[in-house]
Each structure stands twice: as structure tokens, then as C-alpha cells.
1. Students often get this wrong, so try it: which of [x] 50, 42, 34; [y] 51, 47, 25; [z] 85, 45, 27 is Cα extents along the principal axes in Å as calculated from the structure shown?
2. Considering only DSSP states other than H, G, I, E and B, which chymotrypsin sites (Phe, Trp or Tyr not before Pro) in segment 62-132 qualify as loop sites with at most 13 other Cβ atoms within 10 Å?
3. Identify the trypsin sites (Lys or Arg not before Pro) of segment 40-149 meeting these criteria: DSSP loop state and at most 14 other C-beta atoms within 10 Å of the C-beta.
4. Would you work out the relative contact order for the chain, in percent, from Cα pairs under 8 angstrom that are 6 or more residues apart?
5. Please work out the average accessible area per residue across the chain, using the 1.4 Å probe convention, and give it in Å².
6. Heavy atoms only, probe 1.4 Å: what % of the accessible area of the chain goes to carbon and sulfur, would you let me know?
7. Provide the net charge surrounding residue 170, with neighbours chosen by a C-beta distance below 13 Å and charges set as Lys +1, Arg +1, Asp -1, Glu -1.
8. Using a 1.4 Å probe and ignoring any ligands, DNA or RNA, find the accessible area of residue 88 and quote it in Å² to the nearest 10.
Amino acid sequence: MEEMLLFGNILHDPKPPRKYRKRLLTLDDLTDKELRARYRFGRNSIIRITDIVRKDIEHPTQRSQSLSAEMQVLVALRFFACGGFLQVVGDTLGIDKSTVSRCVQKVSDALNAKADQFIKWPSVQRKGDIKQGFFDNGGFPGVVGCIDGTHVRISAPSHDEPSFVNRKGYHSINTQAICDHEGTQTFTIS
């Protein structure tokens, strides 16, 4: 009785129920045009990225309303695309900023772990030649390549035409290229 008077009924008070926010957007809720505008990737690319990292980020159970692999990738891509604050991304998607932080960290770690499957570096000898070339040409130390991206204008395709309309309103393929000190393209992806 004395403990109850001093400390109240803290041992027997039920824990307040958890509050779950309504999640706002999923992959199926948006059109291809909206996906590109918000995440800078089309539906097929988002699905491919999710498939690449799924085993590394997926929760083994749906306990505590855990986010699906697709939703974690969408959260990370939204953060990467807008460069915004965790709180703003969380408010947009209906999740807490700490959850946004964990999603960005997990997806980033998973992508980094698989980087060697997609990024190829020149040999040690060639890398030294390129570094020396960039230093000789412009005084840039330690550079092994220049990277840039551009939209290559194309005719409207007959299949999946909306996916090829860029943010400026014309049909294109987004292309990224890397070149060495001599201007030779060492890598190109579209």
C-alpha cells in the first residue's frame, strides 16, 4: 500500500497503445509519370532495384508493421531524388524520420555491397596512366575519370511511350558516360 501511495500504480498501468500513421504512397498508387517525377526512376527500374537489394533489406516477418522491401526502396529513392530532410520525406510518405533514416542506411548499404557487380575499375596500371594524364592535362590529382549524364533525344517508341518522356517533355533516353584523360569513353549506360 505504501508503494502505491509513493509511486502510484506504475507497475500495473497498461502501456498506451502504439500509434501507426497511415502510409500515403505505394508503387501501385502512382503512374509512371508520377514515379519519374518523384523518384527519378520508372516502375521497371524501381522493381529491378528492389529485386537487387530485396534479400539484404527485407524483414523476415511483418511484425510491428514493418516496411516492405519495395517501400524501403521508395523511401531511399525519394530521399536521394530530392536531397531533402528526413522529416520532410517521412511526412510525405507517412513514416517517422527515424524510419526514413534506417531505410536510407539499409538501402545504401545493400547497394554499396553490390557495387562490384555494376561498377568496373580500370587495372592498376591503366588507373595510374589515367591519373597521370589528368594531372598533366589540367593539374587534377588522383582523377580516374570524368562522369556526366545527358538526355539523348529519340523518336517516340511504339511500346511504353510515356516511360521515355523526360521531365522537359520530350522523348529521350537518359545516358551516363565516363571518359578518361584522352576523352575516350570508358563506360556508357542508357
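The values are calculated or read from the model by the stated rules, or taken from the named source; none is laboratory data. As the structure is a computational prediction, the values presented were derived from the model and not from experiment. Quick reminder, even Gly has a Cβ in these numbers, built from the backbone with ideal geometry, and neighbours come from all protein chains shown. Just the protein is used for accessible areas: all its heavy atoms, side chains included, with ligands, DNA and RNA removed. Shrake-Rupley method; radii C 1.70, N 1.55, O 1.52, S 1.80 Å.
1. Among [x] 50, 42, 34; [y] 51, 47, 25; [z] 85, 45, 27, the one calculated here is [z].
2. 85
3. Hits after loop and neighbour filter: 114, 120.
4. For the chain, the relative contact order is 14 percent.
5. Ligands and nucleic acids excluded, the result is 73 Å² per residue.
6. Result for the chain: 54 percent of the exposed heavy-atom area is carbon or sulfur.
7. +2
8. Answer for residue 88: close to 80 Å² accessible.
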